Amino acid sequence: MPAPTVRTTGAAALLVAALALTGCAATGTGGESDAPAAGSSATAPESTPHSSATPEASADAADAGAAVAPVEGAYLDYTDGAIEATAGPKALFFHASWCPKCRSLDEDLKAQGAPDGLTVFKVDYDSRTDLRQQYGVTIQTTIVFVDDAGEKISSVVLYDDPSVESLVAAMP
């Protein structure tokens, strides 16, 4: 009689995953939640996006192959394989330590954080000539938005206005 147990467990795992995802989508829909609406300038609480879900539910969702982008943005140094290992929208920020415009955007990203849901990878403009060639980057402060496979979606140069606001405006 192992077949009914497998079906029951599988159905329960799908139900828990669906409930967890539904709970995330319900925030900010009519004032019923204390969480700020998407795009709000309010700071998110220091908890995981599925804080009401059990660890088993999160593990079941991960086992089901569900990749969930981070709610808060992230600003990280680029490492090989990081694009493929990161879920959700991603951007490469080609930064040079000697560039005052790059330092300005770097400071703004550190102070404000990356835009919600976006992972920004800081790429060393001088040492990563391979990535510059791959994405056609010819000037520092270039932002390249990429998909999960690392394919270029779009790019923008933020040299004239190196700010998080300009980065948000350029998002595809």
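For (1) hydrophobic (A, V, I, L, M, F, W, C); (2) at pLDDT 95 or above; (3) in a helix (DSSP H, G or I), each residue gets a yes or a no:
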position	(1), (2), (3)
TRP98	yes, yes, no
GLU107	no, yes, yes
ASP116	no, no, no
VAL120	yes, yes, no
Legend entry - Hey, ALA111 under 23 Å from VAL71 (Cβ atoms), open to solvent by 10 Å² or more (accessible area, probe 1.4 Å) and under 14 Å from the mean Cα position of the chain (by Cα) or not: no
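The values are calculated or read from the model by the stated rules, or taken from the named source; none is laboratory data. From a predicted model like this one, the values you see are computed outputs, not experimental measurements. Please note: Cβ atoms are built from the backbone with ideal geometry, for glycine as well, and neighbour counts cover all protein chains shown. We work out accessible area using only protein heavy atoms, side chains counted, and drop any ligands, DNA or RNA first. Shrake-Rupley method; radii C 1.70, N 1.55, O 1.52, S 1.80 Å.
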